[in-house]
1. Put a dot 7 Å past each Cα toward the Cβ at B:SER150 and A:THR94; how far apart are the dots in nm?
2. Percentage of Cα-Cα pair distances in segment A:159-215 greater than 18 Å, rounded to whole percent?
3. When DSSP beta bridges are limited to those with both residues in the protein assembly as shown, what percentage is antiparallel, rounded to the nearest 5?
4. Determine the equivalent ellipsoid of segment A:302-439 by diagonalising the alpha-carbon gyration tensor, then write out the semi-axes as square roots of 5 times the eigenvalues, largest first, rounded to whole Å.
5. Restricting to segment B:95-254, compute how many DSSP beta bridges are antiparallel as a %, nearest 5.
6. Of A:LYS106/A:LYS383; A:LYS117/A:LYS280; A:LYS127/B:LYS142; B:LYS142/B:LYS249; A:LYS140/A:LYS409; A:LYS409/B:LYS178, which pairs sit farther than 27 Å apart, going by alpha carbon to alpha carbon?
7. Starting from the 7 Å offset along Cα-to-Cβ, what nm value, one decimal, do you get for the label separation of B:LEU133 and B:ASN167?
8. Among B:SER150, B:SER47, B:SER73, determine the one that fluctuates most according to a GNM of chain B built with springs between C-alpha atoms less than 10 Å apart.
Amino acid sequence: MLRQYQFQSAASSPPPPSRATAYHEFYQDDFHPREHYRPMWEHIQHAGQHLLDAKAREAHLTLHTEGVTFTLYSDQDEGIERVWPFDILPRIITAAEWRAIEAGLKQRVRAMNLLLKDLYHGQNVLKDGVIPPELIYQGKDFRREIMDIDPPHSIYTHIGGIDLIRDERGCYLVLEDNLRTPSGVSYMIENRVVERRILPEFFERYRVRRVEHYPALLLQALRYLSPRGEEAATIAVLTPGQFNSAYFEHTFLAKEMGVELAEGRDMVCKNDRVYLKTTKGLRQVDVVYRRVDDDFLDPLVFRRDSVLGVAGIINAWRAGNVAIVNAPGSGIADDKAVYAHAPDIIRYYLGETPILENVPTYQMTDARDRTYVLDNLERMVVKAVAESGGYGMLMGPTSTAGQRAEFVKKIQENPRNYIAQPVVQLSRHICYLDGELESRHLDLRPFVIYGRDIQVVPGGLTRVAMTKGSLIVNSSQGGGSKDTWVLAE
Amino acid sequence: MRYRIRAEYRVSFDEPVREHHLQLRLAPADDASQRVLSRRLEAEGVSEPTRHRDGYGNPVHCLALMAPHQALSVEMHAEIETLLDNPLDYQPVSPDRELQWISESLRQAPRLWDFVLHRCPATADLAALGLGLPVPQPRPGKALMEQVHSVMDWVGRVCDFDPACTNVQPQLRTLLDKRCGSSADLAHLLISVLRGWGIPARFATGYVDPDFFTPDEDDEDTRPLEQQMRAWTDVLIPGAGWRGFDPAKGLVVNQSYVRVAVGRHAEDVVADRATFKGGDPSASRRSLRIEVVASS
């Protein structure tokens, strides 16, 4: 009966996919290096293959010795620990480019934070028809359990890892907003540490901005959230444990910030306060940087069978006695179907024109979009809205007929669970692979910290599709990485 | 009507447990149909229970017992005045404007979308189940109140109410195979039909007048039943707001009902939710004893 009154999708249908060639970060159209890459190019030529081979081996050995690893899951779900894949040739971003990226990321995170505050309180964005209410209420990550809770300083998205790509025109576009528990920052730092160690001569030719201070910035932001004040703040990183694929990062960040690393069983809630169990008794915790998904965070509120979380932590948060980073419920803001509305969200809350554009996105809840996508599946990337890490995705051009048929069924059964995007030819960059300079596609995940103010670490994790022609950069899917240099003004 | 309500919750374990956290939805709150005159929660050996409202506005009491223990007992006492003398006494909206009224309500209060859109196996889309069951369809021009009545009657015909049953069928399909269920099951079935029409319908639980559990005077075989919490369906009726429909009794909810909690389905309003460490979770025994007395 009411279907006729439902809001129409606010996002307009995107144009047909482009077939242009990928933008090259390193080369200009005439196959000469871009201006800011020339010093590096000269050095590569001067160094020669023998030296670069040695540097690549040294990088691998360093990462191996330092224990910089990640877990690759096979089809059998048996985790395989691998040394972090790293290409020695850095990606370079000019100061002017970075200025725009930084401003765009700050704008986006500020708007998304306002969106979350609104969704969990007055819901004016829904009342005003900016986002269709069905999109939110059918979103897996919309958490009714936290309605009307006020997080410290009204901040939900303390840490963001926003994935950027560069399209065929060379424009930076936002590919995904990762606002739950984005990972990869430890690898960003380790990449820099290794790069500095093995290629110090590169750094002599550039004024590269630092990224190593990320843990200090994060610690500062976490302290700011402490309900008992910054000086008294006790902070803990809550990890699911050693079997989690990002466990390396959890230990890394706890160590670098000098805070406790704890599992759910190491904490207890009492009188709406969270405590760490220590050899000297219970110690109150003020800020929990959780790397545990919402579903597992509190068995009293979310999944009852969770043994990874802390029973009562949501009540402590509700009472204002602890800050949880990122705030529970943040996932709805990086739902890929909500992502399509990000430009409208920015305009609505900030009254500003979006600085960073979105990748055109088709909503599978829209009948017209859905028909178009199903008719052109081999030219599309289909993504499950609440998945990350490259899971639940169909890469149309390289898919089999069987895989496409499977996705047609999935989309028809649950259209809200999927979006589709035209295949964007991610930009390319040279990599040093097996003694050759080869071009590979890549993206960029810069990290944004929202504390007293919003800060973007100048750099990020550049993820590289290591297979020739592949557009899949996720490390969980066999992707590699590069150090990312942002040049000083 | 005035009711004095006593709800006694007990849980015991074969072996000592610790870090025992308990959330209870037993206490009624003020709303348009009832007023809380007094309310208190008592628990032995537990510090003062804390209270908050959940995402649906339901009052929730939280308790924690850290030390090893093998039993926990909590009592809720409340005195309530119910106000809904005649649930049909409201200014109706003409049938041709009812959908517009609901649409505007959804626009002004987007939280209502939960009660239109949500589906789970217990409130599944009947048409999608493909059971071949003739499901009631909306009739344009008829008042919604009248139509919901008809659907409630249909639920009563499709599924018998078993007053002794306290379980909730997790799947609507199973319920329709058995054709017999608890008040919660029947409420789910009513919700399923109404959400299929796009009408906001929510699951409600509460206490009912003790007369509901007294034997039928005309039937010598019936025996007094132990008092239980009751489940019914709240429907957003144009002009009236939320009105309850109890398909187990075939009644529109009136002053004989005391609302405790509302949600999308039974899982949202469970009376108790607990976690603890130690002991065997499957070896715990829980009981909820309810005593409602009409005081005027």
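Bear in mind these aren't lab numbers, they're just calculated from the coordinates by the rules spelled out. Since the model is a prediction, treat every value here as computed from it, not as a measurement. In this analysis, Cβ positions are derived from the backbone assuming ideal geometry, glycine residues included, and neighbour counts consider all displayed protein chains.
1. Distance between label points: 7.1 nm.
2. Everything past 18 Å amounts to 53 percent.
3. Approximately 85 percent, going by the DSSP bridge assignments.
4. Rounded to whole Å, the semi-axes are 32, 22, 20.
5. Within segment B:95-254, antiparallel bridges account for around 85 percent of the total.
6. Result: A:LYS117/A:LYS280; A:LYS127/B:LYS142; A:LYS409/B:LYS178 exceed 27 Å.
7. A separation of 1.7 nm, rounded to one decimal place.
8. Answer for the Gaussian network model of chain B: B:SER47.
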